[in-house]
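The values are calculated or read from the model by the stated rules, or taken from the named source; none is laboratory data. Everything numeric here is computed off the predicted structure, so don't read it as measured data. Here the Cβ positions follow ideal geometry from the backbone for every residue, glycine too, while neighbour counts run over all protein chains shown. We work out accessible area using only protein heavy atoms, side chains counted, and drop any ligands, DNA or RNA first. Shrake-Rupley method; radii C 1.70, N 1.55, O 1.52, S 1.80 Å.
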Amino acid sequence: MNEIFSIVVLTLRICFISTLISTIIAILLGFTLGLNDNKFIKYVKIITNAFTSLPPVIAGVVVYLIFSKNGVLGHLSWLYTEKVIIIAQVLIVTPIITANIFPAVESIRNSFIETSLGLKISKVKMYFQLLKEVKISVISAIITGFGRAISEVGAVMIVGGNVRFKTRVLTSAIVLENNKGNYQMSIKLGIILMAISLTVSFLAMIIRGRNNDKIKKSYS
């Protein structure tokens, strides 16, 4: 039971941190993409959407090569630590959150910019106001990103090494216990992961259902 508790706590901690970092990056990028419209921005949007389907194993391999002994950042000795798992998850989650934010900003761009110019507010205030206007979309995107992070296994196992009490999270622990033939433990961990994932999915579904209508109604 202590080991299960340790795995769950570690999993949640890593996913919360990676989702938080991804959210900060995604909000800045998503707002920039949503408020602007030119050829460069269009290409960035295409790339961002493409990266939402990036195979996690590829992200894991890239991070592994960077932080391995012969890698560019190998001297940091971060391989098989929580830090490198978080980095891998950020690469996977950031495009997903971004791709869920910028369409919401696009939908109110013209009206929002006109209002902001009319009120003559600064860029900083404009971004804070925009965050209020699309907060439901942002929350929904964050929940979606967290759900992706907590269900990740490929990249986590590659860069984390599945080290007991250090980098063993729910998904990697399930794979390990299943391979060992310890199906009872595997099932217990699977039930916990499924409960968390279903809760996250349920919250995302509720928020998405209220999102579009509320934003359009505000600017109609």
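Under a Cβ-Cβ cut-off of 14 Å, what is the net charge of the residues other than Leu176 that fall near it, where Lys and Arg count +1 and Asp and Glu count -1? Cβ neighbours under 14 Å give a net charge of +3.
I'd like the Karplus ³J(HN,Hα) series for region 114-125: coefficients 6.51, -1.76, 1.60, θ = phi - 60°, whole numbers in Hz, and an x wherever there's a Gly or Pro. Listing the rounded values in order: 4, 5, 5, 5, x, 7, 6, 8, 6, 4, 4, 5 Hz.
When ligands, DNA and RNA are left out and all protein chains stay put, how many square angstrom of accessible area per residue does the chain have with a 1.4 Å probe?
56
The local environment of Ser18, defined by Cβ-Cβ distances under 12 Å, has a net charge of +1 under the rule Lys, Arg +1 and Asp, Glu -1.
Taking θ as phi - 60° and the Karplus parameters 6.51, -1.76 and 1.60, the scalar couplings of region 155-165 work out to 5, 4, 6, 5, 8, x, x, 6, 7, 4, 6 Hz in sequence order, x denoting glycine and proline. A simple count of charges around Leu189, restricted to other residues whose Cβ falls under 14 Å of its Cβ and scoring Lys, Arg +1 and Asp, Glu -1, yields +2. Here the accessible area of region 1-130 is 69 percent carbon and sulfur, with a 1.4 angstrom probe and all protein chains present.
Tell me, in nm to one decimal, what length is gained between Arg164 and Lys120 on full extension, where the rule is 0.36 nm per residue of separation less the Cα-Cα distance?
10.3 nm
The distance separating the Cα centre of region 158-194 from that of region 33-63 comes to 30 Å. Modelled this way, with points 7 Å down the Cα-to-C-beta line, the labels at Ile139 and Ser111 are 2.0 nm from one another.
Rg over Rh for region 94-182 works out to 1.27, using Cα positions for both radii and the Kirkwood form for Rh. Around the Cα centre of region 56-171, unit charges on the Cβ atoms of Lys, Arg, Asp and Glu (plus for the first two, minus for the last two) sum to a dipole of about 300 debye.
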